[in-house]
Amino acid sequence: MATKQSKKSAPKAKKVAAKSAAKYGYFDDAKKEYVLTTPATPIKWCNYVGTLNFGGIVDTTGGTLVCKGDPALNRITKYIAQMPCSDFKASTVYIRVKDAKGYKIFSPFYVPTLTKLDKWECHVGLSYMRWNAEAMGLKVQVTIFVPTGSNTLLQDIQVTNVSGASKEVDIIPVYEFSHFEAEKQLTNADWVPQTMTLKAHPEKDGCLVLEQYAYMKRDFAVNYVTANGKVSSFDGDRRVFLGHNEMGSWANPLSLQNKELNNSECDRGDNIAALMIHAGKIAAKKTFRTCTQLGQEQSLKVAAKAIKKYRDLKNVDKAFDELAKFWENYLSTIQVNTPDAAFNSMVNVHNPRQCHTTKNWSRYLSLYQLGYGTSRGIGYRDSSQDLMGVMSHMPEEALVLTKNLLSVQRPEGNAMHQYAPLALEEDNGNEANAGDSREKKGVLDENGNPAYADWYGDDHLWIVLTVANYLRETGKMELLNEEIPFYEAGKKRAQREKGTVLEHLKRSLKFSREHLGKHGLPLLGFADWNDCMNLPLGAESTFNTALYAKALLEMMGIEEALGDKEAVEMYKGWYEDVKKAFNDSAWDGKWWTRWFDKDGNGYGVSSAKYGKIYCNGQSWPVISGIAFGDRAVQGMDSLNKLLNTKYGVKSSTPGYRGFEPAVGGISTYPPGAKENGGIFLHTNPWVMIAETILGRGDKAFEYYCQINPASKNGILDIFESEPYCYPQNILGDEHKQFGMGRNAWLSGTSSWTYQAATQFIIGIRASFDGLVVDPCIPSAWAGFEATRKFRGATYQITVKNPNHVCKGVAKMVVDGQEIDSNVAPVFTKGIHKVEVTLG
Ligand code: GLC
């Protein structure tokens, strides 16, 4: 509870974008939703339902991309993201009304019928989508979600007659299936259709289950679609449903002109599940409700329990309430009340929600990362960072993924770049791979040796930060003694070398310590965080240098908590060595160099024509403490001067002006795009964090605000991307479309901006000894309030800033008692008041 005084110090937040002013939609903070008011968004927007175990994407016009366990290896629906926004994408619902002239159809999603609607709203909620549409005298509400922990996608459809006279209505939900191996669906038009099978199972009471599988999966994994009531007819064959040898279209399926569908099963071909549900004559003001299920189980026998459960609409309502409770509990871990409404909205709802999404989907499945083949999977560096965004909220779930990542670390200490989750379960020594570096495997140098590394210089270091985060959050140091195998290609898990978690971390650091270049800096490997800069073997990376240094600091913290003084000293020595090597070699005059190639030429230096200065090159040395004093400040000031724009900080400047094979990936983009001088958003929270370390809260907050998607609701014709989540990139000022966002949802921006906001701006973070409160806020703020759950206790924190400083705790009072630090003790239960005064 806030005290009276503290309420004064946390002034009422200004409202974000006014409802009326917003062209595409608005934030409904009370319901924790974003509400779209038009389906014609600049580009397709979406939401996520369920988890990687079962779930996927629901777009704002009713398209669904569902999979179970693995988007590449076990996909269920055929969603082709590249098709125009107006096209059918794997699912829709047709509403059919009969009048004297015949049948008329519309879709509450607008797509694919494109029928004019009297009203249309799509509520992007926490793991659910809800549409409210009106047409032809009917009000239709559709809600799509996956009950927590289930393997079922529910679609709750309610049709209310608002016309004043009774109407004869039919509801026709449709799904289109994909082959389980998603890439094969696109690349093989012989084997795939021969194997795709759809069978109907009518039941005595008029209910119906449509069962679908690729032939080889018949005895292991079947998909099914059913509804809670009578289904009078169906179609399983797309050609039959659309009609006239597919001259009928998704916008106007010819079968819908007949009373009943054709009852087509499908022994080969394009499998769909279309159900004819007669709502009958709906009287004025009356509602008809039905709920469809799309699921996957080992067999229909196994599915029977779930089918029965969700045919009872009470259980559907209960599942929806449970989902809301899950989110309430999840979000209650950290809640803030600051003077900035857009900040509150992101920190309290949308950002932690996005972190939950990136934790599940890594960079595997979005409308940009399409989840096909082995091109991607769970990325080692990506997920290690994503995990830090959910560590306070779900440390034990985070630990499962953390252990999976540790299990694809090699005995040498470096890590595989990515793995496919289902292949990991199969455990045949073939589940992880070396990412893009595979492409340069055959390239040799002048002596006939491999010219490029087949390992990445950063992957293995991130996990040290992740494990340290888990330990600080939970205090469960025993994790360090747990044995986890290393990854040895071609060997089954049981045959692989094992090591304790502590040993895994030690090997990470040792690998970098033993792979140094000419200046004593860690080697680049195939790439560091910046995937697009692939210099030949021997190149050094100052990003890897800083990440290695940060990982060493984390390890010192862990060893200190374990009481191993000798180890602390050893790692301190390694840290000092690399800090010296960095300071001796990497200062370019006004900022830090980003890379040295194998011959010692600098990249990210003032003498370069393109890529003179890099953002990460300045922020990370500050974050890791290897840059200090004047140079730390000067590097950040140069960044501000040369890289900052009103839409965010660019990752480098100027962009390369054409393809240069010698530098590769970065120069495949036009100047201003992505890593080539674009605003690669993931780098921005690091700038915020570095500024808070320098104590410049005004600057940190400015960097925060300029990328806050919620604040872009008024400029969506420029930004284009979803305003309720961070995109991966925004085009930079060298590009004509400066300010345009792309690659929404799956970006490290989410985890790091959340960390920047909660741990560095608000400044509340877990430590081995307790909860640190060390804010670095805009000087204009008179204070703020926050609630933070930590190791079983709830901390109610009030921060006052009477002198309008940015940083510096002058006084901390915990449960009425002044304490001599800014670390609130570990309590393990109860509610505790923490009052902090800055000054
Ligand atoms: C993409 C990749 C990520 C990489 C970043 C910068 O976001 O998923 O792994 O760090 O690009 O190149």
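The values are calculated or read from the model by the stated rules, or taken from the named source; none is laboratory data. Since we're looking at a predicted model, the values are computed, not measured. All Cβ positions, glycine included, derive from the backbone under ideal geometry; neighbour counts span all protein chains shown.
Among the candidates His417, His350, the residue that is crowded, with 24+ Cβ neighbours inside 10 Å and within 15 Å of the ligand (Cβ to nearest atom) is uniquely His417. Filtering Arg268, Arg311, Arg239 for residues that are touching a residue at least 24 places away in the same chain (Cβ under 8 Å) and in contact with an Asp or Glu (Cβ under 8 Å, 6 or more places away or on another chain) leaves a single hit, Arg239.
For region 139-186, a tally of residues being in contact (Cβ under 8 Å) with a residue 60 or more places away in the chain and outside any loop (DSSP other than H, G, I, E, B) returns 29. Can you tell me which residues in region 697-738 are at pLDDT below 95 and either of a type in the set (D, E, K, R) or closer than 29 Å to Asp774 by Cβ (or both)? Hits for region 697-738 are Ala710, Ser711, Lys712.
Of the residues making up region 728-759, those that are in a loop (DSSP other than H, G, I, E, B) and within 16 Å of the ligand (Cβ to nearest atom) are Leu731, Gly732, Trp745, Leu746, Ser747.
Residue by residue, here is whether (1) under 21 Å from Phe680 (Cα atoms); (2) assigned to a helix (DSSP H, G or I); (3) within 31 Å of the chain's Cα centre (by Cα) holds:
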position	(1), (2), (3)
Gly600	no, no, no
Ser607	no, no, no
Gly611	yes, no, yes
Ser619	yes, yes, yes
Gly625	no, no, yes
Asp630	no, yes, no
Met636	yes, yes, yes
Leu639	yes, yes, yes
Leu642	yes, yes, yes
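Out of the residues in region 366-395 that are small (Gly, Ala, Ser) and surrounded by fewer than 23 Cβ atoms within 10 Å (Cβ to Cβ), which is farthest from the ligand (Cβ to nearest atom)? Within region 366-395, the match that is farthest from the ligand (Cβ to nearest atom) is Gly373. Within this structure, Ser638 fails the test of being within 16 Å of the ligand (Cβ to nearest atom) and crowded, with 20+ Cβ neighbours inside 10 Å.
For region 396-411, the condition of being within 18 Å of the chain's Cα centre (by Cα), away from the ligand (no atom under 16 Å from the Cβ) and acidic (Asp, Glu) holds for at least one residue.
If you go through region 499-538 and pick out every residue that is within 16 Å of the ligand (Cβ to nearest atom) and part of a loop (DSSP other than H, G, I, E, B), you end up with 11. The listed residues are Leu771, Leu746, Leu731, and the only one of them that is touching a Gly at 6+ places or on another chain (Cβ under 9 Å) and buried (at least 22 other Cβ atoms within 10 Å of the Cβ) turns out to be Leu731.
Determine, yes or no, whether Pro621 is of a type outside the set (Gly, Ala, Ser), more than 22 Å from Asp733 (Cβ to Cβ) and surrounded by fewer than 19 Cβ atoms within 10 Å (Cβ to Cβ). The answer is no for Pro621. Go through the residues of region 325-337 one by one and say whether even a single one is among the aliphatic types (A, V, I, L, M), surrounded by fewer than 24 Cβ atoms within 10 Å (Cβ to Cβ) and within 30 Å of Pro84 (Cβ to Cβ). No, region 325-337 contains no residue that is among the aliphatic types (A, V, I, L, M), surrounded by fewer than 24 Cβ atoms within 10 Å (Cβ to Cβ) and within 30 Å of Pro84 (Cβ to Cβ). Residue by residue through region 641-678, note down the ones that are modelled with pLDDT under 95 and within 16 Å of the ligand (Cβ to nearest atom). Answer for region 641-678, where residues must be modelled with pLDDT under 95 and within 16 Å of the ligand (Cβ to nearest atom): Val663, Gly664, Gly665. Restricting the search to strands (runs of 3 or more DSSP E) fully inside region 789-839 and requiring at least 3 residues that are surrounded by 17 or more Cβ atoms within 10 Å (Cβ to Cβ) gives 793-800, 809-814, 831-838. Within region 539-548, the only residue that satisfies the criterion of being assigned to a strand (DSSP E or B) and either more than 16 Å from the ligand (Cβ to nearest atom) or under 25 Å from the mean Cα position of the chain (by Cα) (or both) is Glu540. Whenever a residue of region 507-532 is over 15 Å from Ala415 (Cα atoms), its partners that are of a type in the set (S, T, N, Q) and away from the ligand (no atom under 16 Å from the Cβ), lying with C-beta atoms within less than 7 angstrom and at least six residues away or across chains, give the pairs His519/Ser585; Leu521/Thr545; Leu521/Ser585; Pro522/Ser512; Pro522/Thr545. Residues that are closer than 20 Å to Ala420 by Cβ and among the acidic types (Asp, Glu) within region 463-500 comprise just one, Glu488.
Filtering region 553-572 for residues that are surrounded by 20 or more Cβ atoms within 10 Å (Cβ to Cβ), of a type in the set (Ser, Thr, Tyr) and in a helix (DSSP H, G or I) leaves a non-empty set. Could you tell me whether Arg765 is more than 16 Å from the ligand (Cβ to nearest atom) and on the phi > 0 side of the Ramachandran plot? For Arg765, the condition - more than 16 Å from the ligand (Cβ to nearest atom) and on the phi > 0 side of the Ramachandran plot - is not met.
Being in contact (Cβ under 8 Å) with a residue 60 or more places away in the chain, farther than 30 Å from Lys440 by Cβ and out of contact with any Ser or Thr (no Cβ under 7 Å at 6 or more places or on another chain) is not true of Ile666.
This table checks each residue for (1) more than 19 Å from Val302 (Cα to Cα); (2) without any contact (Cβ under 8 Å) to a residue 40 or more places away in the chain.
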site: Asp205; (1), (2): yes, yes
site: Phe220; (1), (2): no, no
site: Val225; (1), (2): no, no
site: Val231; (1), (2): yes, no
site: Gly243; (1), (2): yes, yes
site: Gly248; (1), (2): yes, yes
site: Leu254; (1), (2): yes, yes
site: Gln257; (1), (2): yes, no
